[in-house]
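All remarks here apply to the structure that follows.
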Amino acid sequence: MQNLIPVVNKLQDVFNAIGNSPIDLPQIVVIGAQSSGKSSVLENVVGEDFLPRGTGIVTRRPLILQLFNTSGEAGGKDKEAYGEFLHRPDDKIYDFEEIREEIQRETDRTTGRNKGISTKPISLRIHSPTVLNLTLVDLPGITKVSVGDQPADIEFQIHDMCMQYIQNPNAVILAVTAGNTDLANSDALKMAREVDPEGTRTVGVITKLDLMDPGTDASEMLQNRIIPLRLGYVGVVNRGQRDIDNRKKISEAQKKEAEFFRNHSMYRHMLTRCGTQNMTRMLNQILMHHIRDTLPDIKQRIASLLMEVQAELDALGEPTSDQTQRSLGSALLQLISRFCDSFGAAIDGRGGSSAGKPGLSSQMTELYGGARVSYIFNDIFGRSLQSFDPFDGLPDDQIRTVIANAHGTRQSLFVPEISFDLLVKRQIARLEQPGLQCCDLVFEEMQRIGTQCESTEISRFPELRDRVTEVVSKLLRRCMAPTQQMISNMIQIELSYINTAHPDFIGGSKAVAQLMEARQPQDYGGPQAPTTPPTPNDFRHNHNGRHSRSQSKVDSSHGRAPSPPSNPAAAPPQQSNGGGGGGGIMGLIFGGKSGGGSAPPANGPQSPVIKLQQMPDSMSHTQDAPTDRERIETEIIKSLLKSYFDIVRKNYMDMVPKTIMCFLVSKCKTELQNELVASLYKEDELPLLLRETDDVAQRRATCYEFRDLLEKASRIVNEVRDYNVNSTA
């Protein structure tokens, strides 16, 4: 078990070489307010005076402190404690005063002398026969106010730096709080609670117990009764400022600390939770068990990273600068073949995560490839056409006007077919634009698929990537023209012949029957209403433009049959079917005779001349209320129009996706590889197409370096063999 901590320390050194650890390693992170005794706690753990001291913020960079116990090692001078910096490898420093100066120099080198801070850590190994194996991270003390040349947001910078380390789920938080302050106001515990609200990985350290007011003690804190933590609290007594100034040895201070706890009336009963030595042993046990629990995950994470790095190296391939012409040609054909396979698989929905395709998590959260094309067909194009109203933009007044124009100079006995043709063609023509827009959307989606299928292998060659994109775009545009033409032709086919004999078309007789059936409850709902259905002759207009059958119904409603007026002289003048002017308006105008009519006496008073209004330039039916005949004709036309439009819409919704798939999608997928080979495989252009950029070469070198580090980390982790947990010392 004791070998676990050195293994993690080696891993930490490996990953610190690249500046950032890709794995959350177990470690103990020390946080506390400024002047809470945090640095003194670390010096007591090490047993040496080696940390910089002064006023204000002294710790301005994270210090990764790795402790190695050398009591079991053989050797002469190495029995003494010494330190090694990661930035000064193989340089053993036995003078801890020099270690303090090196920490200060390295801090000033990065942050300057203006009390600024930096997140770049300093790694220090300390080998000593008196320490236990531990890994500690010392962070700047939490402060509230900037001093000197420090930035105004120094509080937030320190907070963010501390959060960066304690957010590691494998980190044990050592929260240092002064005993002569209220535990509820502890900045360290407040920050620890932000990432560990249950207190499962936080250890509380209470310092300055010897400076508490007489009559007060920290027994309630140490017994875990105020702010409970699963790992509990431990109390320590550090050297005072006078002891530090007088360079009192830490070993003597620890003896004085042990004597203080033994003689104190409240602490003598809880000695296992008091003292630096007890705290060090407790931290050692906590860290070992924590490493034991997280080691399997660390192994798995390293293996996963190795696979990812190797996959990226495979995608980057070997450098092409020293390859022969034949090798370049073979490599180009392989790249084209893989791109076309990926393009076709994306459209067909085949295959899982691979180069050029989104990962499994992306495929589970969003549509990709051919699924997006299907969404265009069904959800965008299909729903839009289904929601299209056959009478959209076609009010009843316009239908009446078209019918009236189709009648010409005389009223037709039935609804004129020319009006139906004009209206249905107008609505069918409006379907062309949605079909062309659907084609545009699929064209854009195909370009998107082509971009997504650019694997890492192709992206390493910018000239080849641009040429592939250009060839795909040209092929799509070439397939786009016949697709759009076919969609337009489908509309022209429908407009060229209105097939009223279609088996699904309602037809005129059925439309009239349905209309009469719908109107029957209104027209014949009375007790004396006739049951004989109307005939087309019933819809002729009289000379006043009123419906003759309506007049008959009015007479019948009063319980009498319609009859001519009994007094012929009282009857209004009727217009003759002949062409001469007799009675009625013509007789009033010209005063002539026609048939049995007689003119007024010559010497009698003359009637006033009736003048007709002038014809307007444009006329419509919007000013006049529709007659019964017009309403019936409008309803019949609308019924026929809806029936025929639904037939055309159904066929169009089925044929447009098929046309786009045939002329655009499938054709592009089939001809893409031949098009790419014909356009790109030219021997004189191979070196230009397969020329790598400098950043690709740099990425390859970085991947090689990272792979070597991961392989080294894997060997380090594999040093830990199966062990018996019960043998933990």
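Observations on the structure shown:
- Unique match (being buried (at least 18 other Cβ atoms within 10 Å of the Cβ), in the same structural domain as Val46 (by TED's automatic domain parsing), among the hydrophobic types (A, V, I, L, M, F, W, C) and free of Cβ contacts under 8 Å to residues at least 40 places away in the same chain) among Ile103, Ile93, Ile99: Ile93
- Checklist (1) closer than 24 Å to Leu4 by Cβ; (2) modelled with pLDDT of 85 or more; (3) of a type outside the set (Gly, Ala, Ser); (4) over 51 Å from the mean Cα position of the chain (by Cα) applied to Leu65, failing item: (4)
- Residues that are within 27 Å of Met282 (Cα to Cα), part of a loop (DSSP other than H, G, I, E, B) and either of a type outside the set (Val, Ile, Thr) or within 51 Å of the chain's Cα centre (by Cα) (or both) within the range 93-130 comprise Pro121, Pro129, listed in sequence order.
- Just one residue in the set Ile244, Ile226 is touching a residue at least 24 places away in the same chain (Cβ under 8 Å) and within 22 Å of Asp49 (Cβ to Cβ); that residue is Ile244.
- Residue in the range 265-284 that is touching a residue at least 12 places away in the same chain (Cβ under 8 Å), more than 21 Å from Val203 (Cβ to Cβ) and either assigned to a helix (DSSP H, G or I) or not assigned by TED's automatic domain parsing to the domain that holds Ile206 (or both) present: no
- Selected residue (only one of Ile376, Ile399 is in the same structural domain as Glu675 (by TED's automatic domain parsing), farther than 30 Å from Ala697 by Cβ and under 31 Å from the mean Cα position of the chain (by Cα)): Ile376
- Single condition Met266 does not satisfy, out of (1) under 22 Å from Leu174 (Cβ atoms); (2) modelled with pLDDT of 90 or more: (1)
- On the stretch given as the range 625-673, residues that are modelled with pLDDT of 90 or more and outside any helix (DSSP H, G or I) total 0.
- Of the residues making up the range 682-711, those that are farther than 22 Å from Leu332 by Cα and in contact (Cβ under 8 Å) with a residue 60 or more places away in the chain are Cys703, Tyr704, Glu705, Phe706, Arg707, Leu709, Leu710, Glu711.
The values are calculated or read from the model by the stated rules, or taken from the named source; none is laboratory data. Note that this is a predicted model, so its numbers are computed, not measured. Using ideal geometry, Cβ is built from the backbone for each residue, glycine included, and neighbour counts are taken over all protein chains shown.
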